[in-house]
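To keep things clear, I will list the structure first and then write my remarks on it.
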Amino acid sequence: MNARMALTEFPKNHLVAMLLVLCILVSFAGCTTNGTDHNSPRGITITQSDGTPVVLPRQASRIVVANGNAAELLVAIGAGDRIVGVTDSVKGYPILKDRFGSLPSIGSWQAPDVETILSLDPDVIITYSSTRPKNADKLAAANITLVYLDCYRINTLASDARQLGILTGDETGAESYAGFFEPLVTMVSDRTSNLTEAEKPKVYFESYSDWTAQAAGSGGDLLIQATGGRNIAGMLNVSAPKVSTEWVLQENPSLIYKVVSQSLEKEDYSLLQKDIAGRPGLSNLPAVKDGQIYLFSNEMVYGPRAFAGMLAMAKLEHPDLFTDVSPQIYLDNYAARFLPGSNTTRWVYPAIL
């Protein structure tokens with residue numbers, strides 16, 4: 001080989017070697033990313049509301065929702081288009097019925113129809129963690145993947161949103177919601193953390209049925225804990241306990257809250273409030289004498305908009321600490337950023353601006 005040939009061929013050989021090295025480096029780099037490879041052969045891991053993990057083969061593009069709060073949260077993070085089937089209750093959900101009213105119904109969230117779900121070919125079905133479907137075994141036997149996310153408790157909402165982000169790939173939207181929600185919880189906590197027990201007002205929080213209390217661990221109980229109040233039923237470790245007039249009188253609450261269906265007509269709020277105040281034996285109760293009876297729509301006690309209920313309760317329980325806080329303004333911000341129209345319904349009576 002003469003000198004001229006060696007000079008012309010060496011760069012070609014060198015170039016081939018360099019290209020081989022570059023291909024190897026690129027291939028190796030593809031295995032070590034800064035983020036999470038959500039569709040990797042290892043699949044994705046979702047941490048459910050109770051803290052247990054579930055491993056899925058890939059992100060979900062087809063989701064059946066048996067949980068109205070999860071449906072709203074999916075819309076809020078920008079993943080509402082992944083929903084292909086819902087329960088009857090979600091189809092009637094005022095703020096979502098226009099969006100999901102035409103989707104197939106899987107029936108009741110307590111016992112969703114297995115055959116209908118199978119016909120929709122979903123990647124997962126999202127249902128409540130705290131109250132699981134009665135036919136969960138049948139769903140699992142049919143190879144339907146269940147993911148248990150509550151999406152309504154004040155203490156797990158941000159985490160549930162992030163898990164939905166991982167599930168759908170809409171992590172930016174999930175983080176946007178969590179970044180809106182978490183500072184509000186922190187603000188309320190910071191302002192009430194140094195209160196003495198004597199400074200925490202007693203609250204009787206009634207569920208949908210008369211004389212059914214929000215007991216320990218319920219959504220209402222978690223809100224009262226978060227806002228610096230004392231739930232008079234917070235020591236009752238029974239689900240939805242029935243209480244009596246005598247018991248409430250003995251506990252002597254200064255505030256009464258009641259959760260009502262979001263479908264309650266506006267004119268019925270004042271009638272229901274008067275009905276509570278007029279119950280036999282309650283006329284001398286501080287909450288009744290002082291007119292401190294408030295009705296909360298369930299969508300502001302449970303679900304992605306529970307921050308509004310939290311802020312309203314904080315103002316009621318500690319008005320001097322929250323004079324600068326307007327729950328309605330934050331609700332308006334939520335509607336503008338996450339779910340248009342979600343600020344237009346009556347959500348608390350009497351109104352708390």
Exercise. For the range 211-223, how many residues meet the condition of being in contact (Cβ under 8 Å) with a residue 60 or more places away in the chain and either farther than 21 Å from ALA277 by Cα or in a loop (DSSP other than H, G, I, E, B) (or both)?
Worked result: 3
For this session: Would you mind finding the one in ALA277, ALA287 that is over 30 Å from PHE338 (Cβ atoms) and surrounded by fewer than 19 Cβ atoms within 10 Å (Cβ to Cβ)?
Result: ALA277
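Of all residues in the range 178-202, which are of a type in the set (A, V, I, L, M, F, W, C) and in contact with a strand residue (DSSP E or B) (Cβ under 9 Å, 6 or more places away or on another chain)? Explain how you work it out, then say what you get.
The first filter runs over the range 178-202 and keeps only residues of a type in the set (A, V, I, L, M, F, W, C), leaving 178, 180-181, 184-185, 187-188, 195, 198.
Scanning the range 178-202 gives no hits.
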Problem set entry | Qualifying residues in the range 73-121 (those that are part of a helix (DSSP H, G or I) and among the small types (Gly, Ala, Ser)) - the one surrounded by the fewest Cβ atoms within 10 Å (Cβ to Cβ) | SER119
Exercise. What pairs come up if the first residue lies in the range 311-325 and is surrounded by fewer than 21 Cβ atoms within 10 Å (Cβ to Cβ), the second is assigned to a helix (DSSP H, G or I), and their beta carbons are under 6 Å apart, counting only those six or more places apart or on different chains?
Worked result: LEU321/ARG191; VAL325/LEU311
For this session: Out of LEU339, LEU311, report the one residue that is assigned to a helix (DSSP H, G or I) and out of contact with any Lys or Arg (no Cβ under 6 Å at 6 or more places or on another chain).
Result: LEU311
Exercise. Would you pick out the residues in the range 125-138 that are surrounded by fewer than 22 Cβ atoms within 10 Å (Cβ to Cβ), in contact (Cβ under 8 Å) with a residue 24 or more places away in the chain and farther than 18 Å from VAL301 by Cα?
Worked result: PRO133, LYS134, ASN135, LYS138
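If I go through the range 255-302 residue by residue, how many of them are touching a Leu at 6+ places or on another chain (Cβ under 7 Å), outside any loop (DSSP other than H, G, I, E, B) and touching a residue at least 60 places away in the same chain (Cβ under 8 Å)? Step through it out loud before you land on a result.
Taking the range 255-302 as the starting set, the residues that turn out to be touching a Leu at 6+ places or on another chain (Cβ under 7 Å) are 255, 258, 260, 269, 272-273, 281, 285, 287-288, 292, 294-295, 301.
So of that shortlist, the ones also outside any loop (DSSP other than H, G, I, E, B) come out as 255, 258, 260, 269, 272-273, 287-288, 294-295.
With touching a residue at least 60 places away in the same chain (Cβ under 8 Å) added as a condition, the list becomes 255, 269, 273, 287.
Residues in the range 255-302 being touching a Leu at 6+ places or on another chain (Cβ under 7 Å), outside any loop (DSSP other than H, G, I, E, B) and touching a residue at least 60 places away in the same chain (Cβ under 8 Å): 4 in total.
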Problem set entry | Boolean, ASP320 is outside any loop (DSSP other than H, G, I, E, B), among the acidic types (Asp, Glu) and more than 17 Å from SER209 (Cβ to Cβ) | yes
Seminar exercise, completed: Residue pairs within 8 Å by beta carbon, gap of at least six or interchain, first lying in the range 339-352 and under 15 Å from LEU96 (Cβ atoms) and at pLDDT 95 or above, second in a loop (DSSP other than H, G, I, E, B) and among the basic types (Lys, Arg), listed first then second, are none
Problem set entry | Selection status of GLY78, in the same structural domain as GLY51 (by TED's automatic domain parsing) and closer than 24 Å to ARG337 by Cα | yes
Exercise. With (1) surrounded by fewer than 23 Cβ atoms within 10 Å (Cβ to Cβ); (2) within 18 Å of GLN214 (Cα to Cα); (3) not small (Gly, Ala, Ser) as the list, and GLU299 as the residue in question, which single condition is left unmet?
Worked result: (1)
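The values are calculated or read from the model by the stated rules, or taken from the named source; none is laboratory data. Values in this document were obtained by computation on a predicted structure and should not be read as measured data. With ideal geometry, Cβ positions are generated from the backbone for all residues, glycine too; neighbour counts draw on all protein chains shown.
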